[in-house]
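Asker: I am attaching a structure below and will ask some questions about it afterwards.
The values are calculated or read from the model by the stated rules, or taken from the named source; none is laboratory data. Here the structure is a predicted model, which is why all the values come from computation and not from measurement. FYI the Cβ positions are ideal-geometry reconstructions off the backbone, even for glycines, and counts take in every protein chain you see.
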Amino acid sequence: MKGPKISTRREGVTLRQGETRPMASIANHDAWRKEMTPTDMQGKICLVTGSTRGLGKATAFALAQQHATVILGCRDLPRGEAVLAEIKAASPTATVDLLLLDLSVQHSVRSAVREFENRYDHLDVLINNAAVFTRERTLTADGYETMFATNHLGPFFLTNLLLERLQAAPAARILTITPPSTTKIDFEDVQAEHKFRALQAFAASKAANLLFTYDLAHRLAGTSVTVNAFYPGLVKTSLMREAPAPLRWLNPVFGQSPEPVAQSVVYYASSPKVQGMTGLLFTKGRQPMDSSPYTKDRAVQQRLWEASLALAPLEEVIPGERIHGENT
């Protein structure tokens, strides 16, 4: 079933969720790149997960340079403090905050949200950037497979718990960093207990990012919150350091430096030219791209939502109490 039409507010072009068409105002890549000029973000509150290294760190730096209030979501306090000091040294007038956040542990996520709510009355931009890859099957403190828990359940939990603060902003944006994975989720074995293959488990967690992005965009249609994904391409990060050769060499050898890619992330997090666009997968310096039909399947999206709620109930409940997801 196709989602509702969503106006891009650009040359009258209309898109359905997860569907892309060429835009008259960006007929070629060069024209698109010229349009990607920085936008001053003074007064905007932005939370970036996985912000102590790689693309997340570069994005935090870029946001600070555009005068945003930057909140570093990180699980390692000393490393977070070091990045905060680096940003302040580079931009002395920058407003930077630190939020302890381990996406693999639901208690940590809930505590971080409470701390955020104590400090801020709204959130303008949430960038779900943190991700992990593990060669072996490992479990989190909650007993869940690490990649599924960190790459999908964590952002699912964090984003939903922050929705009240996001909806309190005049026009909030949620942007999730993910590749256009085509891997299907085995709902009979989402924790990969019976059959674990590292690359497949990782790819399934990234497909879950797209499914969640499109589903949440559908659920928030007509509100002030837009929900999109961003594919950065190959970036020089340590994310795939445990992957088998030659895959683990691709990013260091062929990847782009995080800094120029971060400029694209900031563009989609701030530019008025993409205001109101939702349910899309963007790429660096290009128009929105298509993703697999599987990720746009409403039935699969809803099934993932229900499965996620069962593993990460949004409300604190007594053991055994069932949480029912939205059935739209």
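Asker: Given the conditions (1) crowded, with 19+ Cβ neighbours inside 10 Å; (2) of a type outside the set (D, E, K, R); (3) modelled with pLDDT of 95 or more, and given that F133 satisfies all but one, which numbered condition is not satisfied?
Answerer: (3)
Asker: Any chance you could count how many residues in the stretch 253-286 are over 26 Å from F61 (Cβ atoms) and not small (G, A, S)?
Answerer: Selection size over the stretch 253-286: 1.
Asker: I'd like to verify a number: residues in the stretch 84-108 that are surrounded by 23 or more Cβ atoms within 10 Å (Cβ to Cβ) and over 20 Å from the mean Cα position of the chain (by Cα), how many?
Answerer: Total meeting the criteria: 0.
Asker: Checking the structure you have, find out if any residue of the stretch 246-264 is within 24 Å of M147 (Cβ to Cβ), modelled with pLDDT of 95 or more and among the β-branched types (V, I, T).
Answerer: The answer is no; no qualifying residue exists.
Asker: Does G56 satisfy being at pLDDT 50 or above, within 17 Å of A130 (Cα to Cα) and in contact with a Ser or Thr (Cβ under 6 Å, 6 or more places away or on another chain)?
Answerer: No.
Asker: Name the residues in the stretch 137-180 that are surrounded by fewer than 22 Cβ atoms within 10 Å (Cβ to Cβ) and closer than 17 Å to V300 by Cβ, would you?
Answerer: Correct list: P180 only.
Asker: Return only the number of the condition from (1) crowded, with 23+ Cβ neighbours inside 10 Å; (2) modelled with pLDDT of 95 or more that E188 does not satisfy.
Answerer: All conditions are met except number (1).
This table checks each residue for (1) under 19 Å from the mean Cα position of the chain (by Cα); (2) in a loop (DSSP other than H, G, I, E, B); (3) at pLDDT below 70.
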{"site": "P22", "(1), (2), (3)": "no, yes, yes"}
{"site": "T39", "(1), (2), (3)": "no, yes, no"}
{"site": "A62", "(1), (2), (3)": "yes, no, no"}
{"site": "H67", "(1), (2), (3)": "no, yes, no"}
{"site": "G73", "(1), (2), (3)": "yes, no, no"}
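Asker: Same structure, new question: Would you say E115 is out of contact with any Ser or Thr (no Cβ under 9 Å at 6 or more places or on another chain), farther than 23 Å from S270 by Cβ and among the acidic types (D, E)?
Answerer: Yes; evaluated as a whole, the condition is true for this residue.
Asker: Additional query: So T237 ticks every box in (1) of a type outside the set (D, E, K, R); (2) at pLDDT below 95; (3) at positive phi but one. Which box is left unticked?
Answerer: Answer for T237: the failing condition is (3).
Asker: Another question, then. Can you tell which of A89, A62 is within 17 Å of D40 (Cβ to Cβ) and not basic (K, R)?
Answerer: A62
Asker: Now a separate question. Pull up the stretch 118-139, narrow it to residues that are part of a loop (DSSP other than H, G, I, E, B) and β-branched (V, I, T), then point me to the one that is nearest to the chain's Cα centre (by Cα).
Answerer: If we take residues in the stretch 118-139 being part of a loop (DSSP other than H, G, I, E, B) and β-branched (V, I, T), then V132 is nearest to the chain's Cα centre (by Cα).
Asker: Sticking with this one: Just checking, how many residues over the stretch 287-322 are exposed (fewer than 15 other Cβ atoms within 10 Å of the Cβ) and either closer than 28 Å to P232 by Cα or at pLDDT below 95 (or both)?
Answerer: The qualifying residues number 12.
Asker: Let me ask something additional. Would you please list the contacts, defined by Cβ atoms under 9 Å and residues six or more apart or on different chains, that run from a residue in the stretch 53-82 that is over 18 Å from P258 (Cα atoms) and surrounded by fewer than 24 Cβ atoms within 10 Å (Cβ to Cβ) to a residue that is basic (K, R) and modelled with pLDDT of 95 or more?
Answerer: What qualifies is H67/K44; T69/K44.
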